[in-house]
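Just so it is clear, none of the values below were taken in a lab; they were calculated from the coordinates. On a predicted model such as this, the values are computed, not experimentally measured, just so you know. Cβ: placed from backbone, ideal geometry, glycine included. Neighbour counts: every protein chain shown.
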Amino acid sequence: MKKVIVFILTVIFLLSLTITGGAQEPIKIGALFALTGGLAPFGPPIVSGAKLAVEQVNKAGGILGRRLELVIRDTATAPAVGLDAASKLIHLDRVVAIIGALSSGVTFASSSVTIPARIVLISPASTSPMLTDLEDDDFVFRTVLSDAFQGVVQGKLALDLGYKTASVIYVNNPYGKGLAEVFKNEFEAGGGQVLAMVPYEENKPSYRGEVEKAIVGAPAAINLIAYPVDGNKVLVQAVELGYEGTYIFSDGMKGEDVAGGPAADYIVGTLGTAPGPMEVEVAEAFEKDYNEAFGPTTVPYNDTCYDALALIALAIKRVGPSFLDMTQEQQGTAIRDNLRAVANPPGEIVTYNEFARAFKLLEEGKDINYEGVSGPIIFDEHGDTIAGAIEIWQNFEGRARTVRIVEVRAE
Amino acid sequence: MDFTSRIFQLALYGIVSGSIITLGAIGLSLTYGILKFANFAHGDVMATGAFLALIFLNLFQRLALPSSPFHPLSFGLPLVLAFILCMVATGGVAIGIDSALYKRLRGTRSITLLIASVGVAFILRNVLQFIWGPDPRYYIKKIQVSVRLPILGLRIKHDQVFIIIVAACLVIFLHFFLTRTRMGKAMRATSDNMDLAKVSGIDTEKVIKWTWVIGSALAAAGAVLAGIDNKFITPSFGWDMLLPIFAAVILGGIGSPYGAMLGGMVIGLSSEISTAFIATSYKPAVAFIIMVVMLLIKPRGLLGEK
């Protein structure tokens, strides 16, 4: 009896070996996104951008004969959880690259495991200027503009609107702090006066104390650099406390959760800023396909997320068939070394949903230059994209609508 | 706003949050007095009450009851009914938990009960989170702008006046219940000495049931009032409330409902007023420091008897 069981187990074991050997293992790319926590409303619509790219790559026949697979893990918008999730993506799921995270604080934390593991981390949404100078061995990239740009546009916007005074309420993390400081510099350089810089901690039941500090001196506007969940609490309490000035919002506050949230009636017509999108021809096709697959959204960064995934796919393809025989560390390094080659000029321009053509060009040994749905994507030596646009949006009828696009480019 | 009026303003907020803490603290103190264990699930029972009220509220809104708000309050009949029903329902939940779990552990050491209550806390919170998700849920989406009082330029919302009045009524009601009714007297007797109460013919099981019902109903009331003040509720709200509630109970004297009332007010006031001097993020630390200091210098609390 015992022998029979051993025999059967051996057969099953051998069979399982042949099955995994026979079926082609997909190439896995990790996605590190906030599905819960302060940025929970943002995570799913953004990650859908990457899903669309994966689908199109697979439709174009996959990469190097393998299918592409997206492994999504939740960061809970918390640095510690994000770090843990990144570690699981690398060591359990064996991904070759990671896109994410959203919040700059989480990206910082996650990078502390991705950098030593030699895994590329491309964030589609972390905008903190502090990420630029991260000691990352060139393993951290982003397809979104640094807030150095957004803060400048916010400052100019406040001046253009004729505000003499403003207060800033910002989330106390690298994103909030970085953006708040750039705004303050720009606004004060143009003659404005910042009355108060008030940081807030996330997930507190009440922000009355913070709001009271910010409305001292009745500023013409409060620049609210926040995420929707806590940002709504701040808005409610500002109204309750009788604040009658207006607001400027950061990208974190864009979307139906705020525009149609509890303070909806009090923020009609208020303006905000957010990175991208540039006036790109293919953006329309992207939006159409995205809406068909996932439904419309006004959440930003689904386009930068698409581009991040597209670039990883192209970089893997450029490495060539030897990629499949590499160790995980070698794969990560190879992706890093090929990202700029596919993203930056020179080379033949390829764009949205042109994977089949791009793969063919790469097979022929030609250079390509990917121009994405969010902009041309050119990585500088820090892994930052240097060309892009800042949009100015407005809360209107429970939604955020785009008012104007300001194109910016670093020298 | 000058410094004096700022302090008075914060004291006003302190009374509001003190009322809410008091309602939570009474239940914790009662269960401690009778069952002799620190019920860590009390905060999550509060949160459960808040979400039960949300269920009732949604139900009544669908039933097409007259829903126009009671001027000048920001809410109307549906929320008032939901408020009353959720107190009853939360009492029922507490009895259910007691007969499913704590009853089997009766007579074991209090540390066993304490650990069991931590488990209950986790279960309740995760069930809430599973059903409603982690994001805030709003009772009423309409924002109420606070009004300026003629004295010192203080601001208060009509809803906050309602909160103070309701909390005061509940506390007065509890006082009469404990001193004038047979069951109230039996509860106090059981709290003083359970064995003595048993031999003098008090049905202690019944007393325990009543303790759960009253403690949990008051906790639910506190939670809904907090929801009315903050405008929203989250599954983790109860857990966050636990620290100030424990601080209030320890300050007032463990097992003493009157101590809990006093403690709740002191904690509410001192936490709010502290924000005039220190960063608001440290507000929860104030309750913690008061609790530690009290344990060091007078562990029995202000009104503790034993």
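Things to note:
- In terms of overall dimensions, the C-alpha atoms belonging to the stretch B:3-297 reach 58, 52, 38 Å along their principal axes, ordered largest to smallest.
- The antiparallel fraction among DSSP beta bridges confined to the protein assembly as shown stands at about 35%.
- Largest GNM mean-square fluctuation across B:131, B:156, B:20, computed for chain B with C-alpha springs under 10 Å, falls on B:131.
- Note on residue B:149 and residue B:243: with the Förster distance fixed at 30 Å, the Cβ-Cβ geometry gives a FRET efficiency of about 0.45.
- Database remark: amide H of residue A:349 closer than 5 angstrom to the amide H of A:369 (H placed geometrically; neighbours at sequence offset of 5 or more, or on other chains; Pro and chain starts carry no H).
- The stretch B:214-247 residues near the modelled residue B:281 label - backbone nitrogen below 19 Å, point 7 Å along Cα→Cβ: B:240
- GNM remark for chain B: springs join alpha carbons under 10 Å apart, and the peak mean-square fluctuation among B:31, B:112, B:234 falls on B:112.
- Counting only the Cα atoms, the protein assembly as shown fills a convex hull of 206 Å³ per residue.
- Förster radius 51 Å - calculated FRET efficiency between residue A:367 and residue A:401 (Cβ-Cβ, nearest 0.05): 0.85
- Top of B:249, B:80, B:207 by mean-square fluctuation, Gaussian network on chain B, Cα under 10 Å: B:80
- Listed by chain and number, the lysines placed with their C-alpha closer than 17 angstrom to that of residue A:288 are A:51; residues fewer than eight positions away on the same chain are left out.
- Pairs of lysine residues in the stretch A:72-223 - Cα separation under 20 Å, sequence separation of 8 or more or cross-chain: 9
- According to the calculation over all Cα-Cα pairs in chain A, the P(r) per 20 Å bin from zero is 28, 53, 17, 3, 0 %.
- Other residues whose C-beta falls under 10 angstrom from the C-beta of residue A:290 contribute a net charge of -2, scoring Lys and Arg +1 and Asp and Glu -1.
- 14 Å Cα cut-off, lysine pairs counted over the stretch B:3-297 (separation 8 or more, or different chains): 10
- Considering only beta bridges that DSSP places wholly inside chain A, some 30 percent are antiparallel.
- Over all other residues within a Cβ to Cβ distance under 10 Å of residue A:95, the charged ones net out to +2, with Lys and Arg as +1 and Asp and Glu as -1.
- Counting Lys and Arg as +1 and Asp and Glu as -1 over every other residue whose Cβ lies under 14 Å from the Cβ of residue A:43, the net charge comes to -1.
- Spin-label model distance (nm) - residue B:200 vs residue A:241, 7 Å beyond Cα toward Cβ: 5.3 nm
- Counting Cβ atoms of other protein chains within 10 Å of each Cβ in B:278-286 and taking the mean gives 4.
- Approximate spin-label separation residue B:71-residue B:3, in nm, with each point projected 7 Å along Cα-to-Cβ: 4.3 nm
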